[in-house]
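The values are calculated or read from the model by the stated rules, or taken from the named source; none is laboratory data. None of the values given here were measured: they were computed from a predicted structure. As a convention, Cβ positions derive from the backbone with ideal geometry for all residues, glycine included, and neighbour counts pool all protein chains shown.
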Amino acid sequence: MNGFELHPRLAADTHRLGRLDLSLVLLHRDAGVPWYLLVPIVDAAESIDLPRGERDRLHTEIHHLGKFVREEHNPDRLNIATIGNQVPQLHVHIIARHEHDPCWPGVVWGRLATEQRYKDADVDARRAALAERLGLRVEAGG
């Protein structure tokens, strides 16, 4: 990954599931809402700064991960956003929202703080499903 380092806040708040063509795939540690993140392994802070090929690959990964999240979690709404106010590293949130989730109908950013955590088996199952359906590559130690 040529000097790429995941921002410490993203590393602390997520499970690292693996890698797609362009991006790392993360799962937020708080299981109160199914919340995935894509972190492109690029030298850009905004998607508009990416060269066209990388921008197209990122949009393709957003599309595929979004479909996966919709099929896995059957949300009432699918939230997809880039919010970089606290973490300057380019990353995309893909969140399955349900009318019964703890933050509904408001945003989850800065408001999700449940005591729900994923069991290792649940993280492994999501990793395996992503590997099977999206070709996620599992990294050593991940």
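Counting the residues of segment 45-76 that are farther than 21 Å from residue 133 by Cβ, of a type in the set (A, V, I, L, M, F, W, C) and outside any loop (DSSP other than H, G, I, E, B) gives 1. A Cβ distance below 7 Å, combined with a sequence gap of six or more or placement on separate chains, defines the contacts here; from segment 41-62, residues that are small (Gly, Ala, Ser) reach residues that are modelled with pLDDT of 95 or more and in a loop (DSSP other than H, G, I, E, B) in the pairs 44/50; 44/90; 45/90; 47/90.
Checked against (1) of a type outside the set (A, V, I, L, M); (2) surrounded by 14 or more Cβ atoms within 10 Å (Cβ to Cβ); (3) modelled with pLDDT of 95 or more, residue 132 passes all but condition (2). Scanning segment 100-142 for residues that are in a loop (DSSP other than H, G, I, E, B), of a type outside the set (Gly, Ala, Ser) and closer than 12 Å to residue 17 by Cβ yields 118, 136, 138, 139.
Of all residues in segment 84-106, those that are within 13 Å of residue 32 (Cα to Cα) and among the β-branched types (Val, Ile, Thr) total 1. Condition check: in a loop (DSSP other than H, G, I, E, B), touching a residue at least 24 places away in the same chain (Cβ under 8 Å) and under 14 Å from the mean Cα position of the chain (by Cα). Does residue 90 satisfy that? Considered against the rule, which asks whether it is in a loop (DSSP other than H, G, I, E, B), touching a residue at least 24 places away in the same chain (Cβ under 8 Å) and under 14 Å from the mean Cα position of the chain (by Cα), residue 90 comes out as yes. Of all the listed residues (99, 115), the sole one being over 22 Å from residue 11 (Cβ atoms) and either more than 14 Å from the chain's Cα centre (by Cα) or surrounded by fewer than 15 Cβ atoms within 10 Å (Cβ to Cβ) (or both) is 99.
Scanning segment 46-83 for residues that are surrounded by fewer than 17 Cβ atoms within 10 Å (Cβ to Cβ) and more than 24 Å from residue 34 (Cβ to Cβ) turns up 46, 48, 49, 51, 52, 53, 56. Return only the number of the condition from (1) touching a strand residue (DSSP E or B) at 6+ places or on another chain (Cβ under 9 Å); (2) at positive phi that residue 27 does not satisfy. Of the numbered conditions (1) touching a strand residue (DSSP E or B) at 6+ places or on another chain (Cβ under 9 Å); (2) at positive phi, the odd one out for residue 27 is (2).
When residue 42 is tested against the conditions (1) of a type outside the set (Lys, Arg); (2) in a helix (DSSP H, G or I); (3) buried (at least 18 other Cβ atoms within 10 Å of the Cβ), the lone failure is (2). Based on what the data block shows, is residue 49 of a type in the set (Asp, Glu) and farther than 21 Å from residue 138 by Cβ? Spelling it out, residue 49 is indeed of a type in the set (Asp, Glu) and farther than 21 Å from residue 138 by Cβ.
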